[in-house]
């Protein structure tokens, strides 16, 4: 009888110990999970957070290292009105004319040449087609002949400098300046630029100056200027 009671007592103690062990184990697991959830709230970072932070830092460093490109100079209102006029007159999309006008403005200021004169020559020579090419080999917006003016091409201009609008305008204005100096005046210089220096009627020069006058009128009249 006493042996049976002792056996039951031992079995009961073992069961209680097992249950106690399981309870303690569950409490420990629960505490670990709780600490894992609370840790980010107190400044801790998970592996994902650390990776994201590293990626943001890398992007920031790259942005600081990359040089900031200067934004294109905005066109003043009068040139914007001329651009709208030219877009209608020559049926060219305004977006395609913006870099041409920006280059004419920049080069004109640098070389002290009226941008409207540059734009007028471009209209007469190529009708604002940067890929225009004549039977005599003249290329680009201002119809510059490469064989005569390679010395005027700036360094780093690329393999097709005369088809690049900015480079073409730079070289074309340089050629115009030389022609004006050689001939002693604007009209004679324009005639030389147009390849007809000995024309007594100065037809080419008159054509360019008439176009420039239309552009000046468009700049004054605004959006309502007629083509």
Sorting 87, 126 on the 10 Å Cβ count, fewest up front, what's the list? 87, 126
Roughly how many nanometres apart are two label points built 7 Å out from the Cα toward the Cβ at residue 186 and residue 127? 2.6 nm
Using only alpha-carbon positions, what ratio does the radius of gyration of region 77-221 give when scaled by 2.2 N^0.38 Å? 0.98
In percent, how large is the relative contact order of region 77-221, given Cα pairs closer than 8 Å and 6 or more residues apart? 23 percent
How many nm separate the modelled label positions at residue 207 and residue 90, each set 7 Å beyond the Cα in the direction of the Cβ? 1.4 nm
Label-point separation (nm) for residue 135 and residue 198, each offset 7 Å from Cα along Cα-to-Cβ? 2.0 nm
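Since every read-out is calculated from the coordinates, none of them should be taken as a lab result. Worth saying up front: this structure is predicted, and the values here are computed from it rather than measured. Glycine gets a Cβ as well: all are built from the backbone with ideal geometry, and neighbour counts include every protein chain shown.
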